Amino acid sequence: MTFIEVALDLPLNTLFDYQCDEATLEDIGLRVVVPFGRDEKVGIVVAVKENTQVPPQKIKQAIQLWRDVPPITDEVLQLLRFTSQYYHYPLGPVIMHALPPALKKTAGWQPPKKRSKAIAVKPLSAPPLNPAQRSAVESIDQKHNEFKAWLLQGITGSGKTEVYLELVERTLQRGKKVLIMVPEINLTPLVEQRFQARFPQASMVSLHSALGDKERAQRWIEIAEGKVDIVLGTRLSIFAPLEQLGLIVVDEEHDSSYKQAEGMRYNARDLALVRGQNKKIPVVLGSASPSLESWWNAKQQRYQHIHLLERAHPGATLPAIHLIKASQEESKPVSDRLIHAIGERLDKAQQSMVFINRRGFAPVLICNQCQWLATCEHCQTRLVVHRRQRQLRCHHCDYQRPLDQYCRHCKSHDLTTLGEGTQKIEEFLQQRFPDARILRIDSDSLKSREWATQIQEISQGQVDILVGTQILIKGHDFPKLTMVAAVNVDSALYSSDFRASERLFTQLLQASGRAGRGADQGEVFIETAFPQHPLFQALIEHDYQRFAENEINERRLIGFPPFCYQAILRASSTQLSTLQSFMHSAKHSLKALHAEHLTLFDVIAPTLAKVGHKHRLQLLIQSSSRSHLQQALSLWSTELYPLSPSGVNWVIDVDPIDC
Ligand code: ADP
Ligand code: ZN
Ligand code: ZN
């Protein structure tokens, strides 16, 4: 008799045995339909064996072993096993997460009738690399047969992408395949065009969660069948079933979207390094402002550090950055100095951009009589005013309601908004410059129109002023854009999250990088109440190094990452008392392990203490040793399963990036 071990998408830390006499070792990684309770479920075969611990009267027969699609390869299964162990997340859901949704159906795979056509692009010839680029390529390429982590730190526009392209070319010439990761779905079409133009003969697919189910599965299958040379994708592409992988590139490696923010909280950048190590291939991490962790690893010579210090485009220079002291009295959403600067660009038919990291009209609706604030009924957060839609919306759950006409506490009609979001800035600028063509870009505006079309309009000069959130500052090349302004940036300076200033610095550097990429000199304005702050002083010099050294010294003083390793137990429930007692026993059980070198903090409510009727609590654990922390988490997580009452969801967030 032959038995198979099956991974199923269940929140249980176990695999399931079934009898399947037709199975051979070749079938590991295939989809299989099995009976489960009264249901049928799809799982993945992770082992084939002659014996089982399950008593004969209890063992069930597998229903259908699907051979219509190639199995998940050993290499990817190995990565998935690592992911499960490292993030202390059950193997079943981890493996099923890597599979496109359309392949999780109990029915077999039915290929779509229509094949999607590849986009037609004009072939593009490569510019000759400058000496810095060439030396980067040669260093990495010399070691193409071994694992090394390369931190390619190059200022915005320094030609990092050209370095990737040259490395890709050499990898393809050796008959190997490439995985390129980008942080944003919205960036994939642009990067895809640039790569396709360079490698018209190569077969390339992009992989991200916005694809339709069929399309995504179809692409995954083509990759698994070995038909694809270049995979371009967001974080989930780290599990793409590429064989003969020869190179992994993680562009904008500092970007927080590489870290999954719910469920299995893996970091695709870190897994890229694991995959590269397993495969013995180079992994290139590219950024203008690396994460402090990566920068520190490079400093400690765990990564190879390569610098590109100048803009590559002939004649292009870095923009001048000016700090504008935001005055408390001035109640305008945009200061006169900025208005003046925008006016100048309009006269010269150039573009300007206002970056504000908050969508909506205003973040607060307040009663002038009794200070009542409009808050969400499901979360303990403020409702955001969306004036055009005449709505109040919660940005954390789906709650929305018509804009209140009077105070819900004292019935006064004397309500005002405080603060500003993209819509208020847009409205203000439109009143100020009635003839200007203003385009607002945030996740609200992108729901209605495609980013790709809007990017085209911007590039073709059909827009004068851009107003938007961080979507706007990532990786785009708008030649007519010569001025960038950032407003409302100060809250990060006194945030309780110790990474807030790092994120702010990165965002501002990235935003600045949008200005003056063409021949015209760029200018950047940042409005702050604290122009003397070291962060801004480093920024105006474009001095990442100085910022990073300051920051690393502070982290060392307080003993925060990268000088320690962290994990957070995050749990939620509609029942606060049940949740509290679970967290209490969880902490107790960790203490009882007498784990060495572990610091346990108090159980606290996160900043978002309640979201969509669910209360949240968290427990931070810290250690100076990664392996001690990992050992403790392994023991602890097995104890948490029986401890957790129904109605409580929990997850261990390893290497959290928001506290
Ligand atoms: P990054 O990825 O570092 O932001 P890119 O690779 O996008 O930089 O390059 C920025 C601009 O400079 C692009 O317009 C690119 O075509 C151009 N460029 C890059 N390398 C060279 C080079 N060696 N010679 C001329 N132009 C270059
Ligand atoms: Zn009131
Ligand atoms: Zn809410």
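Binning the C-alpha pair distances of the stretch 339-427 at 10 Å intervals from 0 yields a P(r) profile of 17, 40, 24, 13, 6, 0 %, listed from the shortest bin outward.
For the stretch 131-308, count all C-alpha to C-alpha pairs, find those more than 23 Å apart, and express that count as a whole percent of the total. Please list the in-between numbers first.
Numbers: 5444 of 15753 pairs.
Taking all Cα-Cα pairs of the stretch 131-308, the fraction more than 23 Å apart is 35 percent.
Averaging the sequence gap over all C-alpha pairs within less than 8 Å and six or more residues apart, then dividing by the number of residues, gives the chain a relative contact order of 12 percent.
Taking the Kirkwood radius as Rh and the Cα radius of gyration as Rg, the chain has a ratio of Rg/Rh equal to 0.97. Annotation: amide H of Ala485 within the under-5 Å range of Met353, Val354, Phe355, Phe525, sequence separation 5 or more or interchain, hydrogens built in the peptide plane. For the stretch 1-65, the Cα gyration tensor yields ellipsoid semi-axes of 16, 14, 11 Å (square root of five times each eigenvalue, largest first, whole Å). Judged by the ratio a/c of the largest to the smallest principal axis of the C-alpha gyration tensor, the stretch 572-624 counts as oblate, that ratio being 1.5 or greater while a/b is no larger than b/c.
Only lysine pairs 8 or more places apart, or on different chains, with alpha-carbon atoms under 18 angstrom apart are counted in the stretch 131-308, and they number 17. Roughly how many nanometres apart are two label points built 7 Å out from the Cα toward the Cβ at Lys122 and Val364? Taking the two extended label points, one gets 5.2 nm. Normalised radius of gyration (Cα atoms, divided by 2.2 N^0.38 Å) for the stretch 437-558: 1.17.
Pull up the DSSP beta bridges for the chain and report the antiparallel fraction as a percent, rounded to 5.
Working: 55 of 106 bridges.
In the chain, approximately 50 percent of DSSP beta bridges are antiparallel ones.
Its residue count N fixes a reference of 2.2 N^0.38 Å for the stretch 419-489, and the Cα radius of gyration divided by that reference is 1.06.
With viscosity 1.306 mPa s and temperature 10 °C, the Kirkwood radius over alpha carbon pairs of the stretch 502-659 converts through Stokes-Einstein to a diffusion coefficient of 86 µm²/s. Between the residues Pro11, Pro56, Pro93, the greatest Cα displacement towards the positive end of the dipole of the chain, with unit charges on the Cβ of Lys, Arg, Asp and Glu, is found for Pro56.
For the pair the stretch 605-626 and the stretch 335-379, the centres of their Cα atoms are 31 angstrom apart. The distance linking the stretch 388-458 with the stretch 152-202 is 36 Å (Cα centroid to Cα centroid, whole angstrom).
What FRET efficiency comes out for the pair Ile604/Asp213, r = Cβ-Cβ distance, R0 = 25 Å, nearest 0.05? The partial results should precede the final answer.
On the way: r = 39 Å, r/R0 = 1.57.
Given R0 = 25 Å and the Cβ-Cβ separation, E is 0.05.
Take the eigenvalues of the Cα gyration tensor for the stretch 214-349, scale each by 5, and report the square roots as semi-axes in whole Å, largest first. List each step's numbers first, then the result.
Numbers: eigenvalues 316, 85, 65 Å².
Equivalent-ellipsoid dimensions as semi-axes: 40, 21, 18 Å.
Which listed residue (Leu25, Trp66, Phe36) has the Cα farthest towards the positive end of the charge dipole for the stretch 3-69, taking +1 on Lys and Arg C-beta and -1 on Asp and Glu C-beta about the Cα centre? Looking along the dipole axis, the top candidate is Phe36.
Calculated accessible area for the stretch 131-308 comes out at 34 Å² per residue, all protein chains present (probe 1.4 Å; ligands, DNA, RNA ignored).
With a Förster radius of 41 Å applied to the C-beta separation of Gln460 and Thr416, the computed FRET efficiency comes to 0.55.
Only one residue of Ser634, Val364, Val168 has its Cα farthest out toward the positive end of the dipole of the chain, where Lys and Arg carry +1 and Asp and Glu -1 on Cβ, and that residue is Val364. Using only side-chain charges placed at the Cβ, +1 for Lys and Arg and -1 for Asp and Glu, the dipole size of the stretch 3-69 relative to its Cα centre rounds to 240 debye.
Using the Kirkwood radius over C-alpha pairs as Rh, can you work out the diffusion coefficient of the stretch 565-654 via Stokes-Einstein at 20 °C, viscosity 1.002 mPa s, in µm² per second? Kindly include the intermediate steps, with their values, before the conclusion.
Details: Rh = 13.1 Å.
Approximately 163 µm²/s, per Stokes-Einstein.
Straight-line cross-link reach from Lys447 at under 20 Å between alpha-carbon atoms covers these lysines, not counting any fewer than eight positions away in the same chain: Lys424, Lys474. Here the dipole of the chain is about 900 debye; that uses its Cα centre as origin and unit charges on the Cβ of Lys and Arg (positive) and Asp and Glu (negative).
Take each peptide in 586-596, 316-326, count the other Cβ atoms within 10 Å of every residue, and average; sorted highest first, the result is 316-326, 586-596. Can you check what the net charge comes to around Met181, using other residues whose Cβ is under 10 Å from the Cβ of Met181 (Lys, Arg +1; Asp, Glu -1)? Overall, the nearby charge balance is -2.
Sorted by mean Cβ packing within 10 Å, highest first, what order do the peptides 476-488, 37-49 take? Mind showing how you got there, number by number?
Details: 476-488: 22.4, 37-49: 16.8.
Per-residue Cβ counts within 10 Å, averaged per peptide and sorted highest first, yield 476-488, 37-49.
For the stretch 3-69, the share of accessible area belonging to carbon and sulfur comes to 49 percent (1.4 Å probe, ligands and nucleic acids excluded). Expressed per residue, the C-alpha convex hull volume of the stretch 185-232 stands at 61 Å³. Residues His542, His208, sorted by accessible area with the largest first, give His542, His208 [1.4 Å probe; ligands and nucleic acids excluded].
The values are calculated or read from the model by the stated rules, or taken from the named source; none is laboratory data. In this text the structure is predicted, and so the values were computed from the model without any measurement. Positions of Cβ are backbone-derived with ideal geometry, glycine not excepted, and every protein chain shown enters the neighbour counts. What goes into the accessible areas is simple: the full protein's heavy atoms, side chains included, and nothing from ligands, DNA or RNA. Shrake-Rupley method; radii C 1.70, N 1.55, O 1.52, S 1.80 Å.
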